[in-house]
1. Springs between alpha-carbon pairs under 10 angstrom, Gaussian network model over the chain: which of Gly146, Gly244, Gly154 fluctuates most?
2. Dipole magnitude of the range 1-123 about its Cα centre, charges +1 at Lys/Arg Cβ and -1 at Asp/Glu Cβ only, in debye to the nearest 20?
3. Cut-off is 10 Å between beta-carbons; in what order do Cys112, Cys13 appear when sorted fewest neighbours first?
4. Over 27 Å apart: what share of the alpha carbon pairs of the range 60-197 falls there, rounded to a whole percent?
5. For the range 226-267, just say rounded, prolate or oblate: build the C-alpha gyration tensor, square-root its eigenvalues into a ≥ b ≥ c, call rounded for a/c under 1.5, and beyond that prolate if a/b exceeds b/c, oblate if not.
6. Got a sec? How would Thr70, Thr247 order by Cβ neighbour count within 10 Å, fewest to most?
7. Modelling each spin label as a point 7 Å along the Cα-to-Cβ direction, I'd like the Asp57/Thr247 distance in nm, to one decimal.
8. On a full-extension model of 0.36 nm per residue, what is the gain between Asn129 and Lys190, subtracting their alpha-carbon distance, rounded to one decimal in nm?
Amino acid sequence: MSAFGLGPAILFCPADRPERFAKALQRADAVILDLEDAVAPAAKAAARGALIESELDSDRVIVRVNPPDTDDFVSDLATLSQTDYRRIMVAKAEAPKRLAKIDQRFELIALCETAKGVAQADRIAALPNVSALMWGAEDLVASIGGTSSRKPNGRYRDIARYARARVLLAAGARGKSAIDAVHLDIEDTKRLAIEAADAAASGFSATACIHPSQVAIIRDAYRPDAKTVAWARAVLAAAQGERGVFTYDGRMVDEPVLRHARAVLRRAGE
C-alpha cells in the first residue's frame, strides 16, 4: 500500500479566500485549495489569481479543480501551470480515458462523487497518474436523485456506505491511497470521531474536513492509543523466531495480524 504522506487531517479552503490560506495550512496536515464548489462562478477568475500569487509549501497543497468536461477545468490547469502546485483533486471524476489525458506533470486525486464515478472507481484507480481516490456523499446522492446521504440519526444511508467501501477497495486493490469524505455537521463532533476512527481502522489514509475545529478530532482518531501500540510492538517482537502461525496472549497470530500490527506502528509514527 502506498503512503499518502500528508497526514490524516486535510482541510478544505476556498481558493477565493487567500487571507485564509496560510492559517489553514498551519492548522492542518495539508490544505485543499478549492476552485470548484466553494467558489461562485463570478469569483473563479479572482480565485485563480490568488493561487498564482500564493506562496505556500507546495508539497502540502492540493488544488481541487473543476470537472474535466468544463471550460473552468481548462482555465484551472492553465493557472496551475504558472504555480508550483502539482497535486490536483479532480472533481466529479468519471471517465478514465479523460483522466489519463491530463497533463502528466500533475498528480491526480480522483474525487469519485457521482454514480458514474463510483462505478468507474477501479478503472480510475488503475491509472498511473492517479495517486489516491476520495469519495463524496452529497454529490453522489444528488446524482441518483436522492435528497440526503444520512439518516435522521446521522448515520450514512446504505448507498453512501456502499460507495465509501467501493472506493476504498478500488484504491486498495491498486495500491493507491483513499481519503474519506467530509463531515458537514461541524457541531456533531461525536459522529465525526466515530467515522474518522472507523476510517483509520478500515484503511483510509486521511479524512478531509471543512473546519479547523475538526482537525484535532481526526488526528486523535487516526492516532493509535497506547494500549494498541504496546500490543503491536509486543506481537511483532513475539513473532521473531516464529515460523508461520503462533499463539500470542491467547490469540492466533498469522501474517495478516502481523500486517495489522505494522500498520498500527506506522500510524503511530514508528
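The numbers here are math on the coordinates, done by the rules we state, and not lab data. Predicted model, so just to flag it, every value in this text is computed and none were measured. Reconstructed Cβ throughout: ideal geometry from the backbone, glycine too, with neighbour counts over all protein chains shown.
1. Looking only at Gly146, Gly244, Gly154, the biggest GNM fluctuation is shown by Gly244.
2. Computed about the Cα centre, the dipole is about 220 debye.
3. Details: Cys112 29, Cys13 24.
Going from least to most buried by this count: Cys13, Cys112.
4. On the way: 2016 of 9453 pairs.
Here the tail beyond 27 Å accounts for 21 percent of pairs.
5. The shape class here is prolate.
6. Listing Thr70, Thr247 from fewest to most nearby Cβ atoms yields Thr247, Thr70.
7. Reported label-point gap for Asp57 and Thr247 is 4.9 nm.
8. Working: separation 61, 0.36 × 61 = 21.96 nm, distance 3.60 nm.
The span from Asn129 to Lys190 would gain 18.4 nm if fully extended.
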